[in-house]
Amino acid sequence: MNSAPSSLLLRDVGVLVTCDAERGGPLGLVRDAAVLCRGARIEYVGPEAGLPPLTGEDPLTISLDGCVVTPGLIDCHTHLVFAGTRLDDFEARLRGDSYSAIAARGGGILSTVDATRAASNEELQELMEARVEQCEAHGVTTVEVKSGYGLDTRHEFRLLDAIKVCNRRVIADLVPTFLGAHVPPADARVSSAARAAYVERVISEMLPEVARRGLARFCDVFIDEGAFTLEEGRRILEAARSLGLGLKVHAEQLAHTGAAGLAAELGAVSAEHLERISDEHLAAMAEAGTVAVMLPGASFFLRDGFTQADRFRSAGVKMAVATDWNPGTSPADNLLLMAQMAVLGCGLTIEEALLGVTLHAAHALDLGQDRGMLRVGMRADLAMFRIHDPRELIYQLGSSPCSGLVKNGRYLRVEAARPGRIRLGRA
C-alpha cells in the first residue's frame with residue numbers, strides 16, 4: 001500500500017490570514033498566497049509567486065480557488081465532557097429565576113454532575129467525540145476541555161481519562177484542564193467542615209494524582225458567588241502550581257471577588273469570563289501577561305452584561321474568545337459565532353475577534369510558540385473557508401463556511417452536505 005505524501009501544498013489561496021503582525025497589520029494578510037507543509041510543520045508561507053522550487057517528493061497539491069485560509073481555530077475554554085441537558089434551568093431563567101437561585105435548589109452545575117456520574121464511560125466518550133467533531137466542522141483544530149462535572153476523586157479521574165482517550169480518536173488536539181474545584185459538591189455543602197474537607201481533598205488527594213498521571217496541563221478554579229472563595233482558590237492554585245500544572249481561573253463572572261487579581265499574582269496563563277473585573281486587576285493582568293478569555297455565549301445565554309473590550313484594550317490585555325460550551329450557560333458549538341458575538345456584544349474589532357480565536361487563544365493555552373499563527377516552523381494547523389474576504393467570518397452570523405482542515409500537515413475535507421463529518425481529502 002502506498003503511503004500518503006509527507007508534504008502538502010495549498011495553492012491559489014485568495015487571502016491568507018497569517019496572524020503574523022510582522023507581515024503588516026494585525027492579521028498579516030497575504031493575497032494570492034501558498035502554504036507548503038512538510039510533515040507536521042510549515043516550510044513556506046507567503047505569496048505564491050515567491051514559492052521556492054520544490055525538492056524531494058511531490059507534495060499533495062490542492063488548489064483552493066481563491067478561498068480564505070486561517071490558522072486552525074482554537075477554542076480555549078470548553079466543558080465538553082458531560083451528560084444530560086439543563087432544559088429545566090433554561091425554562092426557569094426565562095421565567096426570571098437567577099443563576100444563583102437555580103443552583104441553590106439543586107439545579108445548575110450539580111444537576112449536570114448527577115447526570116454525568118450516572119453516564120457510562122462509553123456514553124461519555126461518544127458524547128465528547130461527537131462534540132469535538134462539531135468543533136472541527138467549524139474550523140477548530142485545538143480544543144481545551146475541562147473536567148468539573150465529577151466533583152469527587154473517582155469521577156473527576158473518569159472525566160480526565162475520557163479526555164485522554166478521546167484525544168487519541170479525534171482530529172483536533174485536546175488540552176485537558178482539571179476543574180475539580182468547579183463548585184462544592186452536594187455533600188460538601190452540609191457544613192463548613194465538610195466544605196473544608198472537600199477543598200483539602202482536591203489539594204492533597206486529587207491534584208497530586210492528576211500531576212503524577214499527567215492527566216491535565218492546567219488546573220482551573222471557579223472563584224465566584226456560589227462557587228469557591230478567594231482564599232480557597234488561592235490554596236488550590238498554589239498547590240497546583242507547586243506540582244507543575246499551569247493555572248487558569250474562572251473569574252469575576254457573577255460577582256467581583258478579586259479572582260482576576262489572584263490569577264495575575266500567581267502567573268495564571270488566563271483569567272476567564274471577567275464581566276465584573278476592576279480596573280486595578282485589569283492593570284495587574286496586563287503586567288503579568290495573563291490573557292483575558294471572553295465568553296460572550298454565556299453572557300448572552302444568561303442575559304447578563306457583556307464583557308466590554310474597550311477596558312481590556314486600554315489596559316493592554318490580550319483578548320481571546322471561546323465558546324464555554326457547557327449544558328447550562330453556553331450550549332454553543334460554533335466558535336465563529338462567539339467571535340461574531342464578541343464583536344457585536346463586547347465591542348472587539350474584527351481583527352481582535354479573529355486573533356481571539358487563533359493567536360491569542362493559543363497564548364491562553366501557553367501554545368503561542370507552536371500554533372495560532374502561520375509562520376515557517378510552526379505547526380501546520382490551518383482552516384479553509386469558502387469565502388473570499390476574511391471579514392465574512394464575522395459578517396455571516398452563525399454560518400459554517402469551513403471546507404477543510406489541515407491538521408499536523410494532513411489535509412481533511414469538511415463535507416458541507418453532512419455537517420460534522422470530516423473525511424481524508426483527495427487531491
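The values are calculated or read from the model by the stated rules, or taken from the named source; none is laboratory data. Note that this is a predicted model, so its numbers are computed, not measured. As a convention, Cβ positions derive from the backbone with ideal geometry for all residues, glycine included, and neighbour counts pool all protein chains shown.
Looking only at residues in the stretch 317-335 that are within 17 Å of LEU354 (Cα to Cα) and more than 12 Å from the chain's Cα centre (by Cα), the one that is surrounded by the most Cβ atoms within 10 Å (Cβ to Cβ) is VAL317. In the stretch 283-307, the residues that are free of Cβ contacts under 8 Å to residues at least 24 places away in the same chain and crowded, with 18+ Cβ neighbours inside 10 Å form no Cβ pair under 9 Å with any partner that is of a type outside the set (Phe, Trp, Tyr) and outside any loop (DSSP other than H, G, I, E, B), whether six or more places apart or across chains.
Here's the yes/no breakdown for (1) among the aromatic types (Phe, Trp, Tyr); (2) closer than 20 Å to PHE301 by Cα; (3) surrounded by 15 or more Cβ atoms within 10 Å (Cβ to Cβ):
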position: HIS79; (1), (2), (3): no, yes, yes
position: ARG86; (1), (2), (3): no, yes, yes
position: ASP89; (1), (2), (3): no, yes, yes
position: GLU122; (1), (2), (3): no, no, no
position: CYS135; (1), (2), (3): no, yes, yes
position: HIS138; (1), (2), (3): no, no, yes
position: SER147; (1), (2), (3): no, no, yes
position: ALA162; (1), (2), (3): no, no, yes
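Here is the figure for the stretch 117-131: residues that are more than 15 Å from LEU160 (Cα to Cα) and either free of Cβ contacts under 8 Å to residues at least 60 places away in the same chain or assigned to a strand (DSSP E or B) (or both) total 1.
Does at least one position in the stretch 373-393 carry a residue that is part of a helix (DSSP H, G or I) and surrounded by fewer than 24 Cβ atoms within 10 Å (Cβ to Cβ)? So far as the stretch 373-393 goes, yes, one or more of its residues are part of a helix (DSSP H, G or I) and surrounded by fewer than 24 Cβ atoms within 10 Å (Cβ to Cβ). Residues in the stretch 61-93 that are touching a Ser or Thr at 6+ places or on another chain (Cβ under 8 Å) and under 30 Å from VAL35 (Cβ atoms): CYS67, THR70, PRO71, GLY72, LEU73, ILE74, ASP75, CYS76, HIS77, THR78.
Screening the stretch 249-260 for residues that are touching a residue at least 24 places away in the same chain (Cβ under 8 Å) and over 18 Å from the mean Cα position of the chain (by Cα) and picking the one that is surrounded by the fewest Cβ atoms within 10 Å (Cβ to Cβ) gives ALA255. If the condition is being of a type outside the set (D, E, K, R) and either closer than 13 Å to TYR149 by Cα or not assigned by TED's automatic domain parsing to the domain that holds TYR149 (or both), then the stretch 113-127 contributes VAL113, ALA115, THR116, ALA118, ALA119, LEU124. Just one of the listed residues (ALA188, ALA181, ALA240, ALA227) is more than 30 Å from GLY404 (Cβ to Cβ) and either out of contact with any helix residue (DSSP H, G or I) (no Cβ under 6 Å at 6 or more places or on another chain) or modelled with pLDDT under 95 (or both), and it is ALA227. Only residues that are closer than 18 Å to GLU265 by Cα and among the acidic types (Asp, Glu) were counted in the stretch 207-235, giving 4. Among the residues of the stretch 188-222 satisfying the criterion of being under 20 Å from the mean Cα position of the chain (by Cα) and small (Gly, Ala, Ser), which is surrounded by the fewest Cβ atoms within 10 Å (Cβ to Cβ)? In this case the residue turns out to be GLY214. Which of the residues that make up the stretch 83-112 are within 21 Å of the chain's Cα centre (by Cα) and either assigned by TED's automatic domain parsing to the domain that holds PRO401 or assigned to a helix (DSSP H, G or I) (or both)? Hits for the stretch 83-112 are ILE109, THR112.
Residue count for the stretch 17-43, restricted to those that are in a strand (DSSP E or B), in contact with a Gly (Cβ under 8 Å, 6 or more places away or on another chain) and either of a type in the set (Asp, Glu) or touching a residue at least 40 places away in the same chain (Cβ under 8 Å) (or both): 6.
Taken together, ARG131, ARG95 contain a single residue that is buried (at least 19 other Cβ atoms within 10 Å of the Cβ) and among the charged types (D, E, K, R), which is ARG131.
Applying the criterion of being buried (at least 20 other Cβ atoms within 10 Å of the Cβ) and aliphatic (A, V, I, L, M) to the residues of the stretch 171-187, the residue that is farthest from the chain's Cα centre (by Cα) is VAL183.
Residues in the stretch 223-246 that are among the small types (Gly, Ala, Ser) and not in a helix (DSSP H, G or I) were compared, and the one that is farthest from the chain's Cα centre (by Cα) is GLY226.
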